[in-house]
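Structure first, then comments.
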Amino acid sequence: MLSNADLVIWLTAAVLLVMSVISWTLIIAKGRAAHRLRQQIAGHAADFWQSPSLEEGGRQLQSLEVLPVMSPMVTAAIELQQHAKTATLDGASGWEDRVTRHLRSALHAATARLESGLVMLASIGATSPFVGLFGTVWSIYQALISISGSGQIMIEQVAGPVGEALIMTAFGLFVAIPAVLAYNALTRSNRIVLAELDAFANDLRALLVNRTD
């Protein structure tokens, strides 16, 4: 098909190939990171609560975490304790409000790190079938123009080019299906991890609000 294709089909095939490479790169990288996080996050939280102080627990988390998700929250808690009130809106807030704000900011940063790349994966899964369909439509259009110019139309002349054109649709689906399945699996895995991080943040907040400002 490609040997008889024009520039548009070659560009369409190249776009699908690039999308496939990006998709599988994200699937492998994010899949490995999600697997490690789900295995280690519960153990890391348990080890942290056995630490003698926030500082020691923070250092332990920084040395163990593959992807920093809990240690930034502990770092925010340590900085919050070490810095006195300042002449800012943050400093004018109550202690409990300050704790909530700083931990929420660290949790949002961890969420952003976990979800990085998922938008690209979802976009590839959503658009690659249409890219493949465009290649199919263009191939059929070019084939029909070529056949109509020959004067006499036979079924063999139509079936061959149309069959080759459908390969582009299959290529688009080949790119889209793994991307969609991986996106759904990673989203579910991130939801579980974020639930555990939210519980960790709430426990950390409970520890801090019981201390004096």
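The values are calculated or read from the model by the stated rules, or taken from the named source; none is laboratory data. It should be emphasised that the depicted structure is a prediction, and the values quoted were computed from it without experimental measurement. With ideal geometry, Cβ positions are generated from the backbone for all residues, glycine too; neighbour counts draw on all protein chains shown.
The table that follows gives values for the structure above.
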quantity: In segment 26-63, the residues that are buried (at least 16 other Cβ atoms within 10 Å of the Cβ), hydrophobic (A, V, I, L, M, F, W, C) and more than 19 Å from Phe200 (Cα to Cα); calculated: Leu26, Ile27, Ala33
quantity: Restricting segment 166-213 to residues that are of a type in the set (Val, Ile, Thr) and within 20 Å of Pro68 (Cβ to Cβ), the residue that is surrounded by the fewest Cβ atoms within 10 Å (Cβ to Cβ); calculated: Ile192
quantity: Lone unmet requirement of (1) modelled with pLDDT of 85 or more; (2) surrounded by fewer than 16 Cβ atoms within 10 Å (Cβ to Cβ) for Pro129; calculated: (2)
quantity: Number of the exception - Ser23 against (1) loosely packed, with under 14 Cβ neighbours inside 10 Å; (2) assigned to a helix (DSSP H, G or I); calculated: (1)
quantity: Positions within segment 66-95 being within 27 Å of Leu114 (Cβ to Cβ) and modelled with pLDDT under 75, in sequence order; calculated: Val66, Leu67, Gln81, Asp90
quantity: When residues of segment 135-150 are limited to those that are surrounded by 15 or more Cβ atoms within 10 Å (Cβ to Cβ), modelled with pLDDT under 80 and among the aliphatic types (A, V, I, L, M), the one farthest from Ala14 (Cα to Cα); calculated: Ile147
quantity: From Gln62, Gln40, residue being more than 27 Å from Pro129 (Cβ to Cβ), assigned to a helix (DSSP H, G or I) and without any contact (Cβ under 8 Å) to a residue 24 or more places away in the chain; calculated: Gln62
quantity: Residue match in segment 177-197 (condition: among the acidic types (Asp, Glu), modelled with pLDDT under 90 and either in contact with a Gly (Cβ under 6 Å, 6 or more places away or on another chain) or not in a helix (DSSP H, G or I) (or both)); calculated: no
